[in-house]
Amino acid sequence: MTHYDTDDLDLGCATGAACADAADGEQGLLYEHFRVEVDRGQAPVRVDKFLFEKLQHSSRNRIQKAAEAGFVHVGGRPVKSNYKVRPGEVVTLMLDRPRYDTTIEPEDIPLDVVYEDDDLMVVNKPAGLVVHPGCGNFSGTLVNAVAWHLRGLPSYDPNDPEVGLVHRIDKDTSGLLVVAKTPEAKTSLGAQFYNKTTHRSYNALVWGNMAADSGTIVGNIARDPRDRLRMAVFAPESGVGKAAVTHWRVMERLGYVTLVECILETGRTHQIRAHMRHIGHPLFGDERYGGCEILRGERTGSYRQFVLNGFRLCPRQALHARTLGFVHPRTGRQMDFTSSLPADMEQLIERWRRYANANKDITNID
């Protein structure tokens, strides 16, 4: 059983001296950062490979260096990377510094509240705001803003996992999120997301002119073994990753880009971004998935400048969580919300609209 959130783990040694001392068996005080008990059905596997699957934001090379430094323990003793873990063993990561305090503190951050009652609130997140602390962002997040907004509510503890955010969207994605104020509300809303009875649609500007007017992307999503910060798509029958389904339809064709609506049947990490890249249509401006390159269009200097200006106008993936629908956990009433496109996406789309109208001979179908 994993005891800690591993988003903020950094396996690099604090100093060269610390590495040398650890290798010589002269470690100072070590602090437990991660603990997991090996499943009963686990076949013997190298500890570096085992931890690579468990620590989402760490490379295998960094895990191996941590083992060399004496930071990877099995049964309370340091082991090397080639040690093979067995069922029932306890694997721990012991580092030479305390864990970062991830206690969520209220922070006075502007919050766009779309709807609020005694059970829940719906917020419209701007692009650039991290949803939850982790990965170097330990403050200034949406949950810190929610904690401030609800600081006068004695029953709301931002550090209690039984209340708070029900789902997440990426830092550079804008749009709607629902927050549960009570454990009962979170249980009800969580069940709706799990059972796929909620309705969520996104607007995305993608590279290329979609060949069809609508379609469905089916493909498992798991971490890309070559880049742990990116997700990759695998065949459903591969057994790799989690099943993911995205339905899409064309809203507007704008020459070398297309405005699409995406409806999620599942809610995997980076689902729309990874699925769209998988079918050859990365989101415009999506640096992590190849959308920050000029993927379609002319080879003229003026066109290149036009696209670069678009990247500057909307310096993020052009993705917005536009609608959110669910059944209210207390009243049983259907609740549906819509968020207008933010200014950066609206202006970007209008620029492409003007370009497409001025170049009606564009027939780029791919």
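Overview of values
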{"quantity": "Nearest-20 debye value, the stretch 32-181 charge dipole, Cβ charges on Lys, Arg, Asp, Glu", "calculated": "1320"}
{"quantity": "In nm, spacing of pseudo-spin labels at R312 and D224 (7 Å Cα→C-beta vector)", "calculated": "2.7"}
{"quantity": "Charge dipole magnitude, Cβ of K and R +1, D and E -1 - the stretch 104-216, Cα centre, debye nearest 20", "calculated": "380"}
{"quantity": "Charge-dipole axis of the chain as Lys and Arg at +1 and Asp and Glu at -1 on Cβ define it, positive-most pick from Y31, H73, G215", "calculated": "G215"}
{"quantity": "Residue-averaged [θ]222 nm for the chain, counting only DSSP H segments that reach four residues, each worth -39500 (n - 2.57)", "calculated": "-6500 deg cm²/dmol"}
{"quantity": "The chain - charge dipole about Cα centre, Lys and Arg +1 at Cβ, Asp and Glu -1, debye rounded to 20", "calculated": "1240"}
{"quantity": "Cα centroid separation - the stretch 173-210 against the stretch 32-50, whole Å", "calculated": "33"}
{"quantity": "Rounded accessible area of D112 (nearest 10 Å², 1.4 Å probe)", "calculated": "80"}
{"quantity": "Label-to-label distance, nm, for residues given as K242 and S139 (7 Å Cα→Cβ offset)", "calculated": "3.1"}
{"quantity": "Apportionment of accessible area to carbon and sulfur, the chain, percent (1.4 Å)", "calculated": "48"}
{"quantity": "Spatial separation of Cα centroids for the stretch 217-245 and the stretch 321-366, in angstrom", "calculated": "26"}
{"quantity": "Where trypsin sites (Lys or Arg not before Pro) fall in DSSP loop in the stretch 271-319, at most 11 other Cβ within 10 Å", "calculated": "R299"}
{"quantity": "Taking the stretch 144-236 and dividing mean pair separation by its residue count, relative contact order in percent (alpha carbons under 8 Å, at least six apart)", "calculated": "15"}
{"quantity": "Most positive-pole-ward Cα, G190, L176, N203, against dipole of the stretch 97-231 from beta carbon charges", "calculated": "N203"}
{"quantity": "J(HN,Hα) series, the stretch 227-244, from Karplus relation 6.51 cos²θ - 1.76 cosθ + 1.60, nearest Hz, glycine and proline x", "calculated": "8, 5, 8, 10, 9, 10, 9, 10, 4, x, 7, 6, x, 9, x, 10, 4, 9"}
{"quantity": "Cα lying deepest toward the dipole's positive end in the chain, options V114, N82, M335, charges on Cβ", "calculated": "N82"}
{"quantity": "Amide H within-cut-off set for V45, under 5 Å, with H built and near neighbours excluded", "calculated": "V85"}
{"quantity": "Prolate/oblate/rounded label for the stretch 285-362 (Cα gyration tensor, a/c 1.5)", "calculated": "prolate"}
{"quantity": "Relative contact order of the chain, defined on C-alpha pairs under 8 angstrom at six or more residues apart (%)", "calculated": "13"}
{"quantity": "Exceeding the 29 Å Cα-Cα cut-off - candidates K125/K360; K54/K171; K125/K181; K84/K242; K54/K186", "calculated": "K125/K360"}
{"quantity": "Residues of the stretch 162-311: accessible area per residue with a 1.4 Å probe, Å²", "calculated": "44"}
{"quantity": "Helix runs (DSSP H) in the chain reaching 15 Å along axis by Cα, Kyte-Doolittle at least -0.5", "calculated": "183-194, 301-313"}
{"quantity": "Evaluated at q = 0.16, 0.18 Å⁻¹: base-10 log I(q)/I(0), Debye formula over Cα of the stretch 172-277", "calculated": "-0.82, -0.99"}
{"quantity": "Antiparallel bridge percentage (DSSP; both residues within the chain; nearest 5)", "calculated": "95"}
{"quantity": "Whole-number percent relative contact order across the stretch 221-295, with pairs defined as alpha carbons under 8 Å at least 6 apart", "calculated": "24"}
{"quantity": "Listed residues K242, K54 arranged by accessible area, highest first, probe 1.4 Å", "calculated": "K242, K54"}
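The values are calculated or read from the model by the stated rules, or taken from the named source; none is laboratory data. Just so it is clear, the model here is predicted, and its values are computed rather than measured. Every residue, glycine among them, receives a Cβ derived from its backbone with ideal geometry; neighbour counts consider all protein chains shown. Surface areas here come from the heavy atoms of the whole protein model, side chains and all, with no ligands, DNA or RNA. Shrake-Rupley method; radii C 1.70, N 1.55, O 1.52, S 1.80 Å.
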